[in-house]
1. Describe numerically, in nm with one decimal, the distance between label points set 7 Å from Cα along Cα→Cβ at K64 and at N49.
2. To the nearest 0.05, how large is the calculated FRET efficiency for E81 and M41 if R₀ is 22 Å and r is the Cβ-Cβ distance?
3. Mean separation of Cα pairs under 8 Å and 6+ residues apart, divided by the residue count of the stretch 12-60: what relative contact order is that in percent?
4. Of all the stretches in the chain, which is the longest one without any exposed loop site, taking GluC sites (Glu not before Pro) in a DSSP loop (any state but H, G, I, E, B) with at most 15 other Cβ atoms within 10 Å?
5. How many percent of the alpha carbon pairs in the chain exceed a separation of 24 Å?
6. Considering only DSSP states other than H, G, I, E and B, which chymotrypsin sites (Phe, Trp or Tyr not before Pro) in the stretch 29-121 qualify as loop sites with at most 16 other Cβ atoms within 10 Å?
7. With +1 on each Lys and Arg Cβ and -1 on each Asp and Glu Cβ, how big is the dipole of the stretch 13-123 about its Cα centre, in debye rounded to the nearest 20?
Amino acid sequence: MIDFKNSEYVKMKEIDPGSIFAEVQPLLINGEEVIGAYKAMRDYCVFTNKRVIAVNIQGMTGKKKDFSSLPYSKITAFSVETAGVFDMDSELEMYFSGLGKVKFEFTGRSNIVQIGQIIGTFAL
C-alpha cells in the first residue's frame, strides 16, 4: 500500500481517463464508472463513482504497480484548497476511518471544486 503519511504525490494534472482505463478496468466492479483521472510523473489516481484508486508505479521498468482502493464510504471528512495568486497548486485531503489522512496535490489548472463535488456527492 502507498505510504500516504510519508510521501506526497508530485502535483497531478488531469488526463484522459481512456489512457489508463485498461490498467484499472480489471479492478472495477459492476456498475462502477470512471469519472476522472489525474497523473503525476508516473503515479496517478482515478476517481470513480465508488472510490479513488491511487496507483503507485514501482521499479525502473514500471511494470510493478500498487493499486490502493480508497472507498468514499470510509471518508469521515475531506477538504479542498483552491489555488491562489502565489500558491499555484490546489490540494485535496481526505480522512479515512482506519487509515488517516490522504493528501493529493493538483496543478492550479485542475478543477479542484469539481473534485470536491465528486467526493461530496458520493461520500455524504
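Each value in this text was obtained by applying a stated rule to the coordinates, not by laboratory testing. As the structure is a prediction and not an experimental result, all values here were calculated from the model. Virtual Cβ from ideal backbone geometry, glycine too; neighbours counted across all protein chains shown.
1. Roughly 3.6 nm, to one decimal.
2. Details: r = 22 Å, r/R0 = 0.99.
So, using R0 = 22 Å, E works out to roughly 0.50.
3. Values: 65 pairs, mean separation 15.7, N = 49.
Over the stretch 12-60, the number comes to 32 percent.
4. Here the longest run is 34-124.
5. Values: 1666 of 7626 pairs.
When every Cα pair of the chain is considered, 22 percent fall beyond 24 Å.
6. Values: sites: Y38, Y44, F47, F67, Y72, F78, F86, Y95, F96, F104, F106; in loops: F86.
Qualifying residues, ordered by number: F86.
7. Numbers: 12 positive and 13 negative charges, 76 e Å.
Its charge dipole is roughly 360 debye.
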